[in-house]
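K.L.:
Attaching a single structure in structure tokens format; questions to follow.
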Amino acid sequence: MQATTVLVEGESDRLAVETLAVRLGHDLAAERVTVVPMGGATSIVRFLDLYGPNGAGHRLLGLCDVRESRGIARALGRAGFGPGPLAELGFHVCDADLEDELIRCLGIDGVLDVIAAQGELASFRILQRQPSQRERPITAQLRRFFGGRSGNKVRYARLLVDALPEGQAPPPLAHLVASF
């Protein structure tokens, strides 16, 4: 069985992918699937060299944010993966980012329930009252909450995936895990 390397932008993405995979019954070690955070999408060339056809020869899959998708497509093309939609090349694109996808899939109330269960709803309400946040949509406020405090994206990645109703996951994440 050929090894599969899943390239993701960061640690929170790695945790979300692994959490959903395990939840869906995957044994990543037995299936020879490794999820690798790149430390940002701009590092993809180095990881394509390491794991791609000119490196370890792994089957490559990935997840990226829409704003990074053009750079990912260019890097894949230069590495010989051919033209075509990223999904056909095994790379799935989040509309804004994975947190945005999770918020939409779980719903505002579901996300607020997760935050409340962590004892941080009051902290989120304080963020909402800040002048720079007052007029922003709640989805933008939630994304700021997750990204604004060190470690929050990583901490909430697993919690948000675990809170998803059975059989529901953001399409890019679900399609990626289904392709293992």
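The values are calculated or read from the model by the stated rules, or taken from the named source; none is laboratory data. Here the structure is a predicted model, which is why all the values come from computation and not from measurement. Here Cβ is always computed from backbone atoms with ideal geometry, including for glycine, and neighbour counts include all displayed protein chains.
K.L.:
Is one or more of the residues making up region 113-126 modelled with pLDDT of 95 or more, acidic (D, E), under 19 Å from A41 (Cβ atoms) and assigned to a helix (DSSP H, G or I)?
P.N.:
The answer is no; no qualifying residue exists.
K.L.:
Tell me which residues, restricted to region 1-42, are out of contact with any Phe, Trp or Tyr (no Cβ under 7 Å at 6 or more places or on another chain), charged (D, E, K, R) and at negative phi.
P.N.:
The answer is E9, E11, D13, R14, E18, R23, D27.
K.L.:
Taking interchain pairs and intrachain pairs at least six residues apart, which have beta carbon atoms under 8 angstrom, with the first residue in region 22-39 and among the charged types (D, E, K, R) and the second exposed (fewer than 15 other Cβ atoms within 10 Å of the Cβ)?
P.N.:
R23/D162; E31/M1; R32/M1; R32/Q2; R32/A3
K.L.:
With respect to A140, determine if the residue is touching a residue at least 40 places away in the same chain (Cβ under 8 Å), part of a helix (DSSP H, G or I) and either assigned by TED's automatic domain parsing to the domain that holds C105 or aromatic (F, W, Y) (or both).
P.N.:
It is false that A140 is touching a residue at least 40 places away in the same chain (Cβ under 8 Å), part of a helix (DSSP H, G or I) and either assigned by TED's automatic domain parsing to the domain that holds C105 or aromatic (F, W, Y) (or both).
K.L.:
Going through region 11-36 one residue at a time, which ones are outside any helix (DSSP H, G or I) and surrounded by fewer than 19 Cβ atoms within 10 Å (Cβ to Cβ)?
P.N.:
L24, G25, H26, D27, L28, A29, A30, E31, R32, T34, V36
K.L.:
Let me ask something else about it. Only one of (1) surrounded by fewer than 18 Cβ atoms within 10 Å (Cβ to Cβ); (2) on the phi < 0 side of the Ramachandran plot fails for L60. Which number is that?
P.N.:
(1)
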